[in-house]
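*Asks:* Structure provided below as structure tokens; questions to follow.
Taken together, the values in this text are just the output of simple stated rules run on the coordinates, not laboratory data. Keep in mind that what you see is a predicted model, and the values were worked out from it rather than measured. Note: ideal-geometry Cβ built from the backbone for every residue, glycine included; neighbour counts use all protein chains shown.
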Amino acid sequence: EQLVEEMCDIVRSMNYEANEPHLDVTPEENQLYLEAYLKILKSEMLIYGYESEKDPVYYRDLWMNGTEFKDMLENKAYRRCPYLYYYDDLDGDGKPEFATNQGCLYIFNYELGDNSCRILHWEQSCYFKKLIGAGQIWQHDGLHADVIRDRFIIFNEENRGEKVLGFQEGVGRHPFYVVEIGDDESFHVGKEKWDEITAPFFEMAENHEIPELTLEEVFGELLEKEEPVDYKNYEMDRNWEGLEIAADEGDTVPIGKNIEYPYLRLEMSENYENLSQINTLIEQDVENHCDGELNYYSLEYGITYLSDDYVSILYQGTMMHVGTAHPNDIAWGTTIDMRTGEMVSIEEIIELPELEKKLEQTGLNTVRGYDADTYREEMEINFYEQYLNYKLEADDENHYHDYYLKQDKIGVLFGVSHAIGDYMIVEFDR
């Protein structure tokens, strides 16, 4: 008991003041830092320190980091994960560091005059709670195996993150309370003692935070030099007179706490018997892709084709289910017959033998992902086999959701590893 009290005294004596970040650089120096960190996101600057035994990598090669720069650029003003960043004095040295949180939290450090940068700290997003202050991180592992875990990470003298304090609260049939000092010392306490010695940490952690910023807030005018890539390719062939989109793209429909999906309906000035059926099908289609218990869901759509015959919609977004380690990029296509009001499979548009020939040809237009010809050569990929065997939706046996139409092209979607973006889109002439 005396030893436990001594350990509690150590916890009580710890410093629970948040380190407010303070940048001490000139405007000219700040501009150089911003230019360098932008190069990191564009995979134009090598990164050291990811794993000591590995060679330097580019941003696109970092583990669990599937968000491409063109996606970030398109969502530069979007205030939601995974399009939020940190830019401030994150380690307490007065110079700016930059951090992303797109499956893993990566804190990058660039020194003026260098041609590369290094990673100060990284951890999986599922355990990252917030940056409390400069060099201070709150890790939180929610209810897992009936235990809630919290850790206080600070940057040490070598500017590396290390655990100085940890708490474990067992909430099952046999509650328990464990306090950890560093990685070596741990001890059990009662509930009353637990509440007392954990209170200073949680008061600090809950009331202080380095704010997250949008890409636009971080880089400002530098982004104006970047060419936005419209990978959604909104092309409409409005041959049906009087047919139009009823809702603005910003309109959404709530489907649960903090979860929304885009509101999309078609309207016509003349009577059309299948219009109600089509709109119902569109709504049900989106709802069917929002199943499961979600922590996060973000979705945008593009009508890629609209005519007397078909309406074709491409959906793209990000989803994170409760209990998963990271968000995933998601996409699917939906094509509806305007005359019957029913969904159309790709085989009703192009026969599979002809599709195989199209996917085997060189010069495919890569809409999302690595250049198709380079990817095919380096990975020895057969795109047709990839299309058949790596479906974005395992139960989409009839290929209703892995393609979309454009005026003169067909776009095909198939799965790839999370490390390179979760899915890829290529197009070929119809």
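*Asks:* Please list 3J(HN,Hα) in residue order for the stretch 109-124, calculated via the Karplus relation 6.51 cos²θ - 1.76 cosθ + 1.60 where θ = phi - 60°; whole Hz, with x for glycine and proline.
*Replies:* Calculated HN-Hα couplings, in order: 10, 10, 9, 3, x, 7, 9, 8, 9, 9, 8, 6, 7, 8, 7, 5 Hz.
*Asks:* Return the distance in nm (one decimal) between the two label points of a simple spin-label model at SER13 and GLU29, each offset 7 Å from Cα along Cα→Cβ.
*Replies:* 3.6 nm
*Asks:* Further question on the same structure: What is the Å³ per residue value for the convex hull set by the Cα atoms of the stretch 124-206?
*Replies:* Per-residue hull volume (Cα only) is 104 Å³.
*Asks:* Pull up the cross-link candidates among the lysines for LYS95, meaning alpha carbon to alpha carbon under 22 Å and not fewer than 8 places away within one chain.
*Replies:* Of all the lysines, those that pass the test against LYS95 - Cα under 22 Å, at least 8 places apart if same chain - are LYS39, LYS42, LYS130.
*Asks:* Describe numerically, in nm with one decimal, the distance between label points set 7 Å from Cα along Cα→Cβ at HIS22 and at GLN2.
*Replies:* Inter-label distance under the simple model: 4.3 nm.
*Asks:* Near LYS409, which lysines are there with a Cα under 16 Å away, not counting those fewer than 8 places off in the same chain?
*Replies:* Within the straight-line cut-off, LYS409 pairs with LYS232, LYS357, LYS358.
*Asks:* If contacts are Cα pairs under 8 angstrom and at least 6 residues apart, what is the relative contact order of the stretch 331-430 in percent?
*Replies:* 33 percent
*Asks:* If you don't mind, another one. When you count, for each residue, the other Cβ atoms within 10 Å and take the mean per peptide, how do 173-182, 402-411 rank with the highest first?
*Replies:* 402-411, 173-182
*Asks:* Find how much the distance from ALA145 to ARG339 grows on full extension, using 0.36 nm per residue of separation minus their present alpha carbon separation; answer in nm with one decimal.
*Replies:* This chain segment gains 64.6 nm when fully extended.
*Asks:* Further question: First select every other residue whose beta carbon is under 12 angstrom from the beta carbon of GLU185; then total the charges, Lys and Arg +1, Asp and Glu -1.
*Replies:* Net charge around GLU185: -3.
*Asks:* Additional query: Name the long-range amide H neighbours of GLY103: under 5 Å, sequence gap of 5 or more, or other chain; modelled H, no Pro or chain starts.
*Replies:* The answer is SER125.
*Asks:* If contacts are Cα pairs under 8 angstrom and at least 6 residues apart, what is the relative contact order of the stretch 1-123 in percent? Walk me through the intermediate numbers first.
*Replies:* Values: 171 pairs, mean separation 30.1, N = 123.
Worked out over the stretch 1-123, it gives 24 percent.
*Asks:* Moving on to the next point. Any chance you could check the Cα centroid distance between the stretch 75-153 and the stretch 1-56 for me, in angstrom?
*Replies:* 8 Å
*Asks:* With Cβ to Cβ distances under 13 Å as the rule, what net charge do the other residues near TRP138 carry (K, R +1; D, E -1)?
*Replies:* -1
*Asks:* Starting from the amide H of LEU90, placed 1.01 Å from N in the peptide plane, find each other amide H under 5 Å away whose residue is 5 or more places distant or on another chain.
*Replies:* The answer is GLU97.
*Asks:* To the nearest 0.05, how large is the calculated FRET efficiency for GLN284 and LEU222 if R₀ is 35 Å and r is the Cβ-Cβ distance?
*Replies:* 0.25
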